[in-house]
1. If you take just the strands (runs of 3 or more DSSP E) that sit entirely in segment 121-175, which of them hold at least 1 residues that are within 17 Å of residue 60 (Cα to Cα) and in contact with a helix residue (DSSP H, G or I) (Cβ under 7 Å, 6 or more places away or on another chain)?
2. Let me confirm something: among 45, 32, which residue is loosely packed, with under 14 Cβ neighbours inside 10 Å, under 30 Å from residue 197 (Cα atoms) and at pLDDT below 80?
3. Is there any pair with a first residue in segment 65-90 that is on the phi < 0 side of the Ramachandran plot and a second that is modelled with pLDDT under 75 and in a loop (DSSP other than H, G, I, E, B) whose Cβ atoms are under 7 Å apart and which are 6 or more apart or on different chains, and what are they?
């Protein structure tokens, strides 16, 4: 009788330890026991303007009163009408080379590394006024990234590189567009690998905590790598829920009991 009780206790401990707790699967929990779990807007981290990096693709458009005078600057964009938006952005856009330059027709090479889109717009406008046009031309320049490109890898349903045509993308949108995190993914320790002028840095986010919305890394940046670690339960292979764990353990016990019976009959 004691052995049966001991076996039940051992199996119960295994089941409890092998299951994934509910609190590890829920996003944006209020872990500070505050009365209000809303993040006030004035406490949210203001996203700093993105500064252009090597291999970024810029979409540059120049407009003046007489558009015929700027046709050479603006790509036609209809070379392959069947191409996807990302493909057309690649062929029609201006890629930042390893020296941080983009080559613009007539204007030649222009260094844009480390500049924001607004600063690049001003640089192009100034150069055009100095070399090509007069103030009366009413020059209007727009510079945008040709999509926000990032990579999601690890314990995620659809790992790979994703391009979103938006100005701002938060971590939840980025993960949702990569197929979401399965139960076996660690939502408490999401790694953001981000490129800086001095090299790469790794940042961590706890998506189960509502305070993540205050993080300076809540909004992703172009070329970010999002890595999701697997939970230890996946390595154990006992199951994601209590039912699956019980089924796995029951199968093992059944196999063990059958082996013992066969062995004792020999």
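The values are calculated or read from the model by the stated rules, or taken from the named source; none is laboratory data. All values derive from a computational prediction rather than experimental measurement. Glycine gets a Cβ as well: all are built from the backbone with ideal geometry, and neighbour counts include every protein chain shown.
1. 140-145
2. 45
3. 88/77
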